[in-house]
Amino acid sequence: MLRAEIDGINLELEENISILDAAKKAKINIPTLCYEEGLSIYGGCRLCVVEIEGEELLKPACATNIKDGMKIQTHSKKVRELRKNLFELIIATHNIDCQLNCLTCSRANNCELKDIAEDIGVSKMRLDPIKRGQSIDNSSYAIIREPEKCISCNRCIRKCEEVQGIGIFTTANRGPETLVTTFKNRGMGNVECTNCGQCILSCPTGALHELYQKDSVLDILNDESKHVVVQTAPAVRVAISEPFSNQAGDISTGQMVTALKRLGFDAVFDTNFAADLTIMEEGTELINRINNNGRLPLFTSCSPGWIKFIEHFYPDYLENLSSAKSPQQMFGAIAKNYYAREEGIDPEDIVVVSIMPCTAKKFESKREEMAGDVDYVLTTRELASIIKSAGIDFLNLEETEYDKLLGVSSGAADIFGTTGGVMEAALRTASELITGKELEKIDFDSVRGLEGIKKAEVDIDGLKLRAAVAHGLGNARKLMEMIKDGEEFDFVEFMACPGGCMGGGGQPISCDDNVLEKRQKAIYEIDKNKKLRKSHENPYIKKLYDEYLEKPGSEIAHKLLHTKYKA
Ligand code: HC1
């Protein structure tokens, strides 16, 4: 044990703890900018400097470990003055003419710079911002980069490289001219970006944000000739309230449906209905591949960031991907065909809008393999912003149920929103369809939790199904290497984002360190409280097959719900 004193508070601390972490234990906030929990220490911004007794130079708290007997001041006069000067320098290299641009900035409502300026006590800027003449990168269907707003904190670089295992960002130039850019400045749409949007969650300034489609959706809602239907992804309902309440883990399904109705959507449906449908199609494919010596392991195909990843880095394994489209795309196909027929609406007049926790879903909807199933994709953040600007008091809304035909789903569909959920949903259905018996225990604990790679062997009446789950592309790469090295599985769930979709790049940006745990708990809570907990028991899925699709894997199901990815 070490002993140290921080701001007059005596602490007993374990070895190898940074001053920053030790201060947190003493409930002392030290401002940081380039630091992010879970990423390597960069120590570039120096805003977290502290004064250590007996040392002349101030030291960065994130990069300096506690030594026994240390006496530290985190907010002395010397510290505060240096922080102020450093902050002004950082801001000068960041073309945030905040007075002009704040109103339209993507981080206007939760700006880290604004918070830090307040913490440090900056009241006026003495330096003029340096304009670097960088133009906006809008080469991607999912993510926009505004280099003039970048302060080179390198968090996007480290997130992309260390967590996602990709590394599309790099730095160019030196000193005040330093820039974060992509390889040969080619643009996000022309490098190996998977569109996962994890960089957006790390960017403190709004230099990275999704490609906005808010205005297009508002315009289409005003077009009387169109029948506009909306679908909401499993993970949106456990995060949409965060921008209103500043608190994670609340379930707001009913309020979200009410808000969408108030915004003027003609029908409010659930992606979860299509998640149940996915289980029927993907489960059938799995059983067929096992019974007919098909290519194994079967890989899930619902995460578009993961699809882009395998296309870029493991094209030899594309045949392992399930041919099932993602629930988002299946929903669009069913809305424009079955729903159109049932309601007597010309499919040309149906517009499908998705609300997704994911930036890559924007890209997915534009893929040529998807044939216009979905017209617009909004992130959870975009929906929150539309709700706010419509003056809707979200937290106090009454609850409404989804519209019926494509709005009823099982708990198995709800858990799609967390890592392990697709696997568990598939196991519930596959077990019962193979054995013809009701499962005694419906929860598959071995695929739950936030461990990066999970493995399980499930005994289905003598059939030993070897399953694996990976979330976050860094873990996906590790699991792919295990598979390349000969480790054998039958079915593998891959999700591009840490935590699965609940941690998607389109979710509200949270400062709660436990946000994923809280959202995950909420997802399992929804599942636990549902009467219907298995995809194959969804009566509206049965109706869809009886009246339209015939049976899982039928010719028409293949035409509408399946696709093939090319390298
Ligand atoms: Fe997901 Fe999916 S679960 S990919 O994580 O299969 O985005 O939430 O909508 O399509 O259902 C995302 C979430 C989502 C699809 C489903």
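Any residue in region 104-113 that is within 30 Å of Pro498 (Cα to Cα) and among the charged types (D, E, K, R)? Yes: region 104-113 contains one or more residues that are within 30 Å of Pro498 (Cα to Cα) and among the charged types (D, E, K, R). Across region 357-379, the number of residues qualifying as within 13 Å of the ligand (Cβ to nearest atom), among the charged types (D, E, K, R), part of a helix (DSSP H, G or I) and out of contact with any Ser or Thr (no Cβ under 7 Å at 6 or more places or on another chain) comes to 1.
Within region 160-181, the set of residues being in contact with a strand residue (DSSP E or B) (Cβ under 9 Å, 6 or more places away or on another chain) and not aliphatic (A, V, I, L, M) comprises Cys160, Glu161, Phe169, Thr170, Thr171, Asn173, Thr178, Thr181. Scan region 411-452 for residues that are of a type outside the set (Gly, Ala, Ser), within 16 Å of the ligand (Cβ to nearest atom) and part of a helix (DSSP H, G or I) and the total you get is 10. Report yes if some residue within region 501-508 is buried (at least 19 other Cβ atoms within 10 Å of the Cβ) and among the hydrophobic types (A, V, I, L, M, F, W, C); otherwise report no. Yes, the conditions are met somewhere in region 501-508. The set of residues in region 252-295 being closer than 20 Å to Lys388 by Cβ and within 16 Å of the ligand (Cβ to nearest atom) consists of Ser252, Thr253, Met256, Val257, Leu260, Val268. Has region 56-65 got any residue that is under 21 Å from Arg155 (Cβ atoms) and under 26 Å from the mean Cα position of the chain (by Cα)? Looking through region 56-65, none of the residues is under 21 Å from Arg155 (Cβ atoms) and under 26 Å from the mean Cα position of the chain (by Cα). Evaluate region 126-135: report whether one residue or more is small (Gly, Ala, Ser) and either within 30 Å of Arg477 (Cα to Cα) or modelled with pLDDT of 95 or more (or both). No - not one qualifying residue is present in region 126-135.
Tell me whether region 225-236 contains one or more residues that are surrounded by fewer than 24 Cβ atoms within 10 Å (Cβ to Cβ) and free of Cβ contacts under 8 Å to residues at least 24 places away in the same chain. No.
Taken over region 223-239, residues that are within 13 Å of the ligand (Cβ to nearest atom) and not in a strand (DSSP E or B) amount to 7.
Do we have Glu348 as more than 13 Å from the ligand (Cβ to nearest atom), at pLDDT 95 or above, surrounded by fewer than 24 Cβ atoms within 10 Å (Cβ to Cβ) and not aliphatic (A, V, I, L, M) here? Taking the combined requirement at face value, the residue satisfies it. Cβ separations smaller than 8 Å between residues 6+ apart or across chains give no pair from region 6-28 residues that are not assigned by TED's automatic domain parsing to the domain that holds Ile52 and buried (at least 18 other Cβ atoms within 10 Å of the Cβ) to residues that are part of a helix (DSSP H, G or I) and among the β-branched types (Val, Ile, Thr).
Residues considered: Ile392, Ile387. Of these, the only one that is touching a residue at least 12 places away in the same chain (Cβ under 8 Å), surrounded by fewer than 20 Cβ atoms within 10 Å (Cβ to Cβ) and in contact with a helix residue (DSSP H, G or I) (Cβ under 7 Å, 6 or more places away or on another chain) is Ile392.
The values are calculated or read from the model by the stated rules, or taken from the named source; none is laboratory data. Here the structure is a predicted model, which is why all the values come from computation and not from measurement. Neighbour counts are summed over all protein chains in view; Cβ atoms, including those assigned to glycine, are modelled from backbone coordinates with ideal geometry.
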